[in-house]
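This report concerns only the one structure given below.
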Amino acid sequence: MVVFGIIAAFAVFCLVVNWWTHGLVSGTEAAILIAVFGGLAVGVFAADGVWARAGALAVLVVLCFWMVQKHLKDTAKRYYLDKIRVYEAAIQADPRNFAARSALASAYYAIGDLDTAISALEIALSISPKLIKEQKLLLQWQRERSLRDNPTIVCKVCRTQNVWGETLCYTCRQPIAYPDRAAWINRISVCIRNRYVLMSLLVMLISAAALFLLPVYQAAAFIMCCLLAAIGWIILISSGEN
């Protein structure tokens, strides 16, 4: 039985080496996969007892399923990366090629690079701004980025996720009900996002660190410099807004 395990381990070795030569897995991933799957393959046939063999076989099956899923995902990513190179070459040949720019944005979105996809689609719409389909797609991606980068709350009516702080649901347009505790958290988060509040908090943190690390006179001088710098930044920001 051990011979069958060795044969299975050798088959795993050949498969992983083939993936590694085609760039689907890194050298470290290949070594780990060979060690894990090869060891399990030998363990399935060399284990004593039905339960030990069944346990090793179950782990091997689960890992094989994960390995196949990873292979399919990496293959799809490699396909889109090849497409990206083709689209970029077409854009270099004709910078106003809207079709290539739109396809480039979709390819970046397919591999999970949402920020680059939004940037590419914005450039495409700057060339042809009247395309309704691409405008809706851009709004959808921008909303996905907002949901990714900000806290969310679920609408109690339609169970749609909304960005924290919105008053109406994006889907059903019903008022979003915030719990009392959540309302306080929302107010605090809105206050913290204010640039003046952030500046004050930063000065307080730096001052506390200076008092802890420096002698009193040096800390006082350092804090005064920080206050003057903060006042200068606030004046610049206010003049820029006006």
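Rule-based calculations on the coordinates, nothing more; no lab input. A quick note: this is a predicted structure, and the numbers were derived from the prediction, not measured. FYI the Cβ positions are ideal-geometry reconstructions off the backbone, even for glycines, and counts take in every protein chain you see.
Taking a sphere under 14 Å around the Cβ of L125 and counting the other residues whose Cβ falls inside, with K and R at +1 and D and E at -1, yields a net charge of +3. Neighbour counting of Cβ atoms within 10 Å sorts the residues F212, F13, fewest neighbours leading, into F212, F13. Amide H contacts of Q174: C169, each under 5 Å away and 5 or more positions distant or on a separate chain (H built 1.01 Å from N in the peptide plane; Pro and chain starts excluded).
Note that the range 161-168 has calculated 3J(HN,Hα) couplings of 6, 10, 5, 4, x, 6, 9, 10 Hz, one per residue in order, obtained from phi through the Karplus relation 6.51 cos²θ - 1.76 cosθ + 1.60 (θ = phi - 60°); glycine and proline are x. In terms of its alpha-carbon gyration tensor, the range 94-149 comes out oblate; a/c meets the 1.5 threshold, while b/c is at least as large as a/b.
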